[in-house]
Amino acid sequence: MSATPPVLDPARFDPVQTGFFRFRRLGQRFLITNDFGRYRLLGDADFQKFVAGKLDKESELYSLLARDGFIRDRMDFDAQIAGWRSRNSFLWQGPSLHVVVVTLRCNHRCLYCQSNAVAMAAGRETDMTQDTAKKVVDRIFESTSGAITIEFQGGEPLVNWPVVKYIVEYARKKNRKAKKNLWINLVSNLSLMDDAKFKFLFDHQVNFCTSLDGPADLHNKNRVFAGGNSHAQTVRWFKKIYRKTLRKMFRIEALLTVTRFSLPRHKEIVDQYVGLGCRGVFLRSLSPLGLAREVWDQIGYTADEFLDFYRKSFDYILEINRKKPFFEQTARIFLTKIMSDTDPNFLDIRSPCGAGIGQIAYNFDGGVYACDEGRMLSRMGDETFRLGSVSQASYKETVGHPIIKAISVASCLDNQTACSKCAYKPYCGICPVHCYAEHGDIMGRMPSNTLCRIHMGILDHIFTRLDDEKNERIFRKWIKQAKERTSYQRQ
Amino acid sequence: MTDTTAQELKLKVDSSVYPLEAIQAAAYTFSDRVYIRITRNGGGKEVCLLLKRKAGATDLAVISDEFHNELLHETLRQKVSLANKKIREFIVTKALVSAQVPSTAPAAASEETSEADCPECAAEAAAAQAAGTQPAAPVDAELEKEIEKLLGEIEKSGPGGSDPLGVAIPWEKKFGAKSPSAKTATPAKVKAVQKKKAKRSK
């Protein structure tokens with residue numbers, strides 16, 4: 001006896017009627033998707049009829065499938081080509097996200113620190129100099145992308161405040177001539193923020209992003225701060241910045257990192273974000289990079305454990321949506337791809353991924369990396385993803401580097417044995433750096449890949465919930481809000 | 001046919017029923033749970049699989065059942081893929097290299113659009129079905145030649161110069177003193193198409 005019912009006799013497939021589709025069984029339904037990102041959930045009988053080309057041509061289902069490019073002899077080529085181009089418009093851009101690590105020093109010692117930050121006492125050896133900062137900004141403005149985001153990372157960027165200030169001023173000055181769509185983000189724990197710094201950043205329209213891991217005890221357990229109460233500092237400044245930027249184009253967001261300690265506390269975590277007035281929460285799983293890798297036994301979890309947490313949180317968020325709009329960000333990224341013809345350009349979940357062709361990371365010493373994750377790996381002593389230095393390699397040499405080509409090939413889902421056939425291919429993406437960290441190979445092995453399992457679990461849950469009209473209405477509101485002001489999204 | 005022991009499972013699959021590619025793909029799907037060795041027997045008609053259970057994996061009898069279902073899935077996937085290979089290449093290639101894409105939203109399809117757009121697709125598929133073979137190219141010879149040429153150009157540009165989309169040209173060199181506004185940063189022909197995003201309602 002079979003564990004799951006067989007699909008059908010493949011010999012019944014009708015190559016005249018039935019267009020290209022991928023499929024996946026979801027409970028009692030079959031999910032079918034195609035290259036244009038269109039989907040349909042079919043019952044067993046309809047699925048078998050569809051495959052065999054036996055659907056009633058007068059039926060509504062047949063019309064919907066024809067409209068969505070599933071019926072081979074009813075293909076609207078122009079519409080599908082336009083849709084494909086729209087969904088893949090990022091291919092014509094170039095690096096829009098530029099991560100600048102102005103220092104490796106940090107006053108926190110987070111359990112999962114993926115950047116492997118160094119202690120404050122380490123001195124200024126790992127602070128970016130103004131000379132290097134100038135070269136970095138000059139290089140950033142060479143990007144062919146008309147939209148540029150400079151994102152300060154660390155360490156804690158505010159530790160090297162003079163260079164943050166210099167880059168903000170110099171970039172704004174350069175942009176008066178370049179006239180790009182320039183956004184500047186500061187990713188900070190906010191513990192070193194003061195009124196003068198905030199005024200400068202506010203006046204220069206800098207976006208803020210901070211880490212918030214949930215209620216105070218959980219946050220402080222994850223984010224160890226010798227200088228006091230990390231949660232109190234973060235929340236104090238979050239509230240202040242939130243108030244001041246409420247009607248502005250730039251604003252503050254918070255990011256959650258889920259550790260083993262978070263797993264039983266999904267409601268409290270979501271409530272914390274709702275209580276602070278956030279528009280949503282980003283339920284991010286841990287990456288096996290930096291310190292997280294060293295203490296994985298204590299703070300890590302399996303993909304299934306994370307998915308259990310995710311599903312509970314997600315369903316709780318759906319309950320909240322009966323009163324007010326509040327989204328989950330991973331779902332919103334996927335739903336934007338599922339329910340519209342646009343790609344939110346989330347660099348870690350696209351095909352090919354954004355490394356080198358969507359983002360570039362600059363280390364404190366001017367070292368250039370294909371992406372921030374590649375730079376994080378260098379902190380573990382592995383320079384595989386280093387492209388050179390702003391002082392030596394040209395822009396063309398950097399973006400044409402063989403490493404970027406290799407990453408692009410590896411993250412192009414058409415080249416992945418399992419992904420190319422997966423029903424979730426139109427919506428998914430893989431991270432070659434993550435594959436490299438997990439499998440020692442940028443191509444990875446999807447059947448045992450943690451991120452693959454997590455993405456599939458999340459998408460299974462989304463499509464299961466999408467099968468209910470009430471939820472569909474909620475999701476449409478989420479993606480309506482998803483028109484971001486920046487040209488990329490990333491974790 | 002299965003021969004199950006506690007830690008190992010031997011499967012024999014008739015390769016005249018299931019293509020080797022489908023057998024390999026199905027085996028790959030289970031590589032997180034079992035170690036797999038694939039061989040052919042002397043005659044070549046039978047493919048033998050030796051599945052060795054990994055620690056913590058499901059019962060091998062369940063894996064055997066799932067594997068047989070997966071064989072069907074993979075065989076179907078392969079058929080669907082092969083039947084639609086040319087048509088998919090045509091769409092993606094045209095999307096990548098052509099700017100002449102009308103803005104039509106994917107409305108419910110009509111006889112006119114499908115026949116007018118790619119009459120060869122249906123005819124060739126019908127012929128293929130009648131002949132019991134997979135359909136041939138869904139595009140006419142001239143268009144196919146054009147696609148081949150474009151693909152050839154992309155390949156020919158090779159390492160160091162492989163920048164068909166111009167993403168490696170620095171901003172100032174590309175646009176000079178006349179920096180366009182951010183909104184016009186993408187090549188004009190791409191922009192034209194991006195403007196015409198097909199709207200879709202489920």
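The values are calculated or read from the model by the stated rules, or taken from the named source; none is laboratory data. Here the structure is a predicted model, which is why all the values come from computation and not from measurement. Methodologically, a virtual Cβ is constructed for each residue, glycine included, from the backbone with ideal geometry; neighbour enumeration extends over all protein chains shown.
Can we say residue A:190 is away from chain B (no Cβ under 12 Å) and assigned to a strand (DSSP E or B)? Steps first, answer last, please.
Details: away from chain B (no Cβ under 12 Å): yes; assigned to a strand (DSSP E or B): no.
For residue A:190, the condition - away from chain B (no Cβ under 12 Å) and assigned to a strand (DSSP E or B) - is not met.
Any chance region A:367-374 includes a residue that's part of a helix (DSSP H, G or I), buried (at least 24 other Cβ atoms within 10 Å of the Cβ) and either touching a helix residue (DSSP H, G or I) at 6+ places or on another chain (Cβ under 7 Å) or within 14 Å of chain B (Cβ to nearest Cβ) (or both)? Give the steps one after another, and end with the answer.
Taking region A:367-374 and keeping what is part of a helix (DSSP H, G or I), we get A:372-374.
Restricting the remaining residues to those that are buried (at least 24 other Cβ atoms within 10 Å of the Cβ) gives A:372-374.
Within this subset, residues satisfying the condition of being either touching a helix residue (DSSP H, G or I) at 6+ places or on another chain (Cβ under 7 Å) or within 14 Å of chain B (Cβ to nearest Cβ) (or both) are A:373-374.
Checked region A:367-374: at least one residue is part of a helix (DSSP H, G or I), buried (at least 24 other Cβ atoms within 10 Å of the Cβ) and either touching a helix residue (DSSP H, G or I) at 6+ places or on another chain (Cβ under 7 Å) or within 14 Å of chain B (Cβ to nearest Cβ) (or both).
Name the one entry in A:441, A:460 that is surrounded by fewer than 21 Cβ atoms within 10 Å (Cβ to Cβ) and either outside any helix (DSSP H, G or I) or touching a Pro at 6+ places or on another chain (Cβ under 6 Å) (or both). Explain how you work it out, then say what you get.
Values: A:460 fails: either outside any helix (DSSP H, G or I) or touching a Pro at 6+ places or on another chain (Cβ under 6 Å) (or both).
That would be A:441, the only listed residue that is surrounded by fewer than 21 Cβ atoms within 10 Å (Cβ to Cβ) and either outside any helix (DSSP H, G or I) or touching a Pro at 6+ places or on another chain (Cβ under 6 Å) (or both).
Can you find a residue that is modelled with pLDDT of 90 or more, outside any loop (DSSP other than H, G, I, E, B) and away from chain B (no Cβ under 11 Å) anywhere in region A:70-83? No - not one qualifying residue is present in region A:70-83.
Return a yes/no flag: does region A:166-174 have any residue that is surrounded by 22 or more Cβ atoms within 10 Å (Cβ to Cβ), in contact (Cβ under 8 Å) with a residue 24 or more places away in the chain and out of contact with any Leu (no Cβ under 8 Å at 6 or more places or on another chain).
So in region A:166-174, the residues surrounded by 22 or more Cβ atoms within 10 Å (Cβ to Cβ) come out as A:167, A:171.
Imposing the further condition that a residue be in contact (Cβ under 8 Å) with a residue 24 or more places away in the chain reduces the set to A:167, A:171.
After this cut, where a residue has to be out of contact with any Leu (no Cβ under 8 Å at 6 or more places or on another chain) as well, the list is A:167.
Yes - at least one qualifying residue is present in region A:166-174.
Which residues, taken from region B:33-71, are more than 15 Å from residue B:8 (Cα to Cα) and in a loop (DSSP other than H, G, I, E, B)? Reasoning before the result, please.
Taking region B:33-71 as the starting set, the residues that turn out to be more than 15 Å from residue B:8 (Cα to Cα) are B:39-47, B:66, B:68-71.
If the condition is that a residue be more than 15 Å from residue B:8 (Cα to Cα) and in a loop (DSSP other than H, G, I, E, B), then B:41, B:42, B:43, B:44, B:45 are the ones that fit.
Scanning region A:326-348 for residues being at pLDDT below 95 and not hydroxyl-bearing (Ser, Thr, Tyr) gives a total of 7. Residues in region A:71-81 that are touching a residue at least 12 places away in the same chain (Cβ under 8 Å) and either more than 28 Å from the chain's Cα centre (by Cα) or over 27 Å from residue A:51 (Cβ atoms) (or both): A:71, A:72, A:73, A:75. Among residues of region B:72-83 that are facing chain A (nearest Cβ under 7 Å), none has a beta-carbon under 7 Å from a residue that is basic (Lys, Arg) and surrounded by 23 or more Cβ atoms within 10 Å (Cβ to Cβ) at least six positions away or on a different chain.
Taking residue A:423 as the residue in question, decide whether it is within 30 Å of residue B:21 (Cα to Cα), part of a loop (DSSP other than H, G, I, E, B) and in contact with a strand residue (DSSP E or B) (Cβ under 9 Å, 6 or more places away or on another chain).
Spelling it out, residue A:423 is indeed within 30 Å of residue B:21 (Cα to Cα), part of a loop (DSSP other than H, G, I, E, B) and in contact with a strand residue (DSSP E or B) (Cβ under 9 Å, 6 or more places away or on another chain).
Going residue by residue through region B:34-53, is there one that turns out to be within 9 Å of chain A (Cβ to nearest Cβ) and at negative phi? No, region B:34-53 has no match at all. Considering A:348, A:343, the condition of being part of a loop (DSSP other than H, G, I, E, B) and either surrounded by fewer than 23 Cβ atoms within 10 Å (Cβ to Cβ) or within 14 Å of chain B (Cβ to nearest Cβ) (or both) is satisfied by A:343 alone. Residue B:58 passes every criterion in (1) in contact with a Leu (Cβ under 7 Å, 6 or more places away or on another chain); (2) surrounded by fewer than 17 Cβ atoms within 10 Å (Cβ to Cβ); (3) of a type in the set (Val, Ile, Thr) apart from (1). Does at least one position in region A:219-226 carry a residue that is surrounded by fewer than 20 Cβ atoms within 10 Å (Cβ to Cβ) and in contact with a Ser or Thr (Cβ under 7 Å, 6 or more places away or on another chain)? Yes, region A:219-226 contains a residue that is surrounded by fewer than 20 Cβ atoms within 10 Å (Cβ to Cβ) and in contact with a Ser or Thr (Cβ under 7 Å, 6 or more places away or on another chain). Answer yes if at least one residue in region A:403-415 is among the β-branched types (Val, Ile, Thr) and surrounded by 21 or more Cβ atoms within 10 Å (Cβ to Cβ), and no otherwise. Within region A:403-415 (the criterion being among the β-branched types (Val, Ile, Thr) and surrounded by 21 or more Cβ atoms within 10 Å (Cβ to Cβ)), the answer is yes, since at least one residue qualifies. Looking only at residues in region A:118-148 that are among the β-branched types (Val, Ile, Thr), farther than 17 Å from residue A:379 by Cα and assigned to a helix (DSSP H, G or I), the one that is farthest from the other protein chains (Cβ to nearest Cβ) is A:132. Every condition in (1) among the β-branched types (Val, Ile, Thr); (2) assigned to a strand (DSSP E or B); (3) at the interface with chain B (Cβ under 7 Å from one of its Cβ atoms) is met by residue A:99 except one, and the failing one is (3).
Scanning region A:379-410 for residues that are assigned to a loop (DSSP other than H, G, I, E, B) and within 30 Å of residue A:112 (Cβ to Cβ) turns up A:379, A:380, A:381, A:382, A:383, A:384, A:385, A:390, A:401.
Kindly check whether there is at least one residue in region A:7-16 that is assigned to a loop (DSSP other than H, G, I, E, B), among the β-branched types (Val, Ile, Thr), in contact with a strand residue (DSSP E or B) (Cβ under 9 Å, 6 or more places away or on another chain) and more than 30 Å from residue A:400 (Cβ to Cβ). Yes, region A:7-16 contains a residue that is assigned to a loop (DSSP other than H, G, I, E, B), among the β-branched types (Val, Ile, Thr), in contact with a strand residue (DSSP E or B) (Cβ under 9 Å, 6 or more places away or on another chain) and more than 30 Å from residue A:400 (Cβ to Cβ). Among the residues of region A:43-61, the ones that are surrounded by fewer than 21 Cβ atoms within 10 Å (Cβ to Cβ) and within 10 Å of chain B (Cβ to nearest Cβ) come to 2 in all.
Somewhere in region A:390-397, is a residue in contact with a Gly (Cβ under 8 Å, 6 or more places away or on another chain) and within 21 Å of residue A:102 (Cβ to Cβ)?
The answer is yes, given that some residue of region A:390-397 is in contact with a Gly (Cβ under 8 Å, 6 or more places away or on another chain) and within 21 Å of residue A:102 (Cβ to Cβ).
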